[in-house]
1. Round to the nearest 0.05 the FRET efficiency obtained for Arg168 and Ala141 when R0 = 22 Å and r is the Cβ-Cβ distance.
2. Using the alpha-carbon centroid of each, what span in Å lies between segment 119-187 and segment 1-73?
3. Show the residues, 5+ positions off or on another chain, whose built amide H is closer than 5 Å to the amide H of Arg46.
4. Take every DSSP beta bridge whose two residues both sit in the chain, then give the antiparallel share in percent to the nearest 5.
5. Springs between alpha-carbon pairs under 10 angstrom, Gaussian network model over the chain: which of Arg234, Arg149, Arg28 fluctuates most?
6. By DSSP, what percent of the beta bridges with both residues in segment 1-135 are antiparallel, rounded to the nearest 5?
7. Enter the accessible area per residue of segment 1-148 (Å², integer; probe 1.4 Å; all protein chains in place).
8. Could you check how much of the accessible area of the chain is carbon and sulfur, as a whole percent, using a 1.4 Å probe?
Amino acid sequence: MLNCIALITARGGSKRLPGKNIMRFAGRPLIQWTCEAANAAAVVRRTIVSTDSTDIADAARASGAEVPFIRPAELAGDNSSHYQVIAHALDWIETDEGSLPDFLCLLQPTSPLRTGEDIDKTVTLAAESDADSAFSVSPVATHPELIYRLADNGKASNFLPPATGYRRSQDMEPLFHVNGAVYAIRPHSFRQRQTVVSSGALGYVMPPERSIDIDNEADFVCAEALMLRFQSKRIASLSDNGSTT
């Protein structure tokens, strides 16, 4: 069985959407959705939150996660290295448990639509392929072939060399972007390379409707509307199943 620990990184400072990690999202603090997804994942045996905020720590504990330390202020600034935040948590885990887990699963509270199944599949993808890391991706909303540069005078030019002839969007090569929802890394390799994503990392594809990364108010509103829609459909499905038994 995989030995995997989930690490949720959630600092208190946020310029675009102040206090977003504990804002009420579909009736709960935003971070609670990520804590619950981690706890629902079959591969995760322990969920730890790294934060510099006592308010976030309280919300995380109430959501079933551990907050065994408060992140040092020097690791919670706008320019703090993500590597150092993860390394700090790994040092604590190694001291606490006497060893490192097979995998560390990095989760951000701003991806509340990701599920426990998404976590399981990302970690399993890396484990079964013997890869150093895997991360979640989603299809790009706008293909690079459709992107243009604009000069100061407004003149448009293709970002990529234009293709020959007419091309429908479905004829273009499928491309994906990192959605930030799940990262699965091997701690020992991470320490050696000092980067989250390794060379040869694998991508686990998530659908766009579960891939919103909340960075501003518009993201928050869209993600909450989708969450409420998902909840409504789930309740309706359970009601329909109950009526037929």
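The values are calculated or read from the model by the stated rules, or taken from the named source; none is laboratory data. From a predicted model like this one, the values you see are computed outputs, not experimental measurements. Here the Cβ positions follow ideal geometry from the backbone for every residue, glycine too, while neighbour counts run over all protein chains shown. All accessible areas refer to the heavy atoms of the entire protein, side chains included, with ligands and DNA or RNA removed. Shrake-Rupley method; radii C 1.70, N 1.55, O 1.52, S 1.80 Å.
1. 0.85
2. 28
3. Counting only residues 5 or more places away or on other chains, the set is Ala6.
4. Numbers: 14 of 31 bridges.
If I count the DSSP bridges inside the chain, around 45 percent turn out antiparallel.
5. Of the options given, Arg149 has the highest mean-square fluctuation.
6. Details: 2 of 15 bridges.
Close to 15 percent.
7. Numbers: 6250 Å² over 148 residues.
That works out to 42 Å² per residue.
8. Details: 6610 of 12940 Å².
Ligands and nucleic acids excluded, carbon and sulfur reach 51 percent.
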